[in-house]
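For reference, the structure discussed in these notes is given below.
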Amino acid sequence: MSISAALRLLPVAIVACALGACGGRAAPAGPALPGLSDSVLQSHRDASNGKIKHIVIIIQENRSFNNLFYGFPGAHTASYGYDTHGKKIELKPIGLETIWDIDHSFAGFLAACDGTGSYPGTGCKMDGFDNEYAGCGHRAEPPCPHSNPAYSYVPHDETKPYFYLGKNYVL
């Protein structure tokens, strides 16, 4: 199996392993993924059988790891980013209650990517967030909290539950 084919199957494998671990029940008989033998799957089932009681995945829509876990002890988070002109932009706190939003379209991805590859969206420099549209500043909306809303993090007083979960469980 090629690496690209294996990577495409990775989300399926993660879900299959997670579902197989829930409740201590074995996954259905037979290979769940192309290229994996019954013996490989059985060895994984036997190794974790009964040890994993719950799997909890926390997802906060439209938030990056850095945005929610900025400054988490032992984690590699950034305190700044660069724009397309090479200017260093310090991250600023913006609360969860904000009502503005950053573009989630393919065009927004391409702007943030600022790619150098021959195919659009490849060779990303990830310094184009200053070119990405932020839905704020129009007559019907409040102005942006600062001039570069993509370069922000949630204040620590609002992420205490996330830090607690990360510290006491797994991060």
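Report, by residue number, each residue of segment 77-124 that is within 18 Å of the chain's Cα centre (by Cα), surrounded by 13 or more Cβ atoms within 10 Å (Cβ to Cβ) and more than 21 Å from PRO145 (Cα to Cα).
Passing the criteria: THR77, PHE109, LEU110, CYS113, CYS124.
Could you check how many residues of segment 125-171 are open to solvent by 40 Å² or more (accessible area, probe 1.4 Å) and among the acidic types (Asp, Glu)?
4
Please determine whether any residue of segment 120-142 is farther than 14 Å from SER64 by Cβ, assigned to a loop (DSSP other than H, G, I, E, B) and of a type in the set (S, T, N, Q).
Yes, some residue in segment 120-142 is farther than 14 Å from SER64 by Cβ, assigned to a loop (DSSP other than H, G, I, E, B) and of a type in the set (S, T, N, Q).
Could you grab the pairs with beta carbons closer than 7 Å, sequence gap of 6+ or different chains, first residue in segment 147-160 and in contact (Cβ under 8 Å) with a residue 12 or more places away in the chain, second one open to solvent by 40 Å² or more (accessible area, probe 1.4 Å) and in a helix (DSSP H, G or I)?
ASN148/ASP130; ALA150/PHE129; TYR151/PHE129
Counting just the residues of segment 49-65 that are surrounded by fewer than 10 Cβ atoms within 10 Å (Cβ to Cβ) and over 21 Å from TRP100 (Cβ atoms), which one comes out modelled with the lowest pLDDT?
Selected residue: GLY50.
Answer with yes or no whether GLU132 is at pLDDT 85 or above and either farther than 26 Å from LEU110 by Cβ or aliphatic (A, V, I, L, M) (or both).
No, not satisfied.
The values are calculated or read from the model by the stated rules, or taken from the named source; none is laboratory data. None of the values given here were measured: they were computed from a predicted structure. Using ideal geometry, Cβ is built from the backbone for each residue, glycine included, and neighbour counts are taken over all protein chains shown. When the accessible area is computed, the model is the full protein with side chains, heavy atoms only, and any ligands, DNA or RNA have been set aside. Shrake-Rupley method; radii C 1.70, N 1.55, O 1.52, S 1.80 Å.
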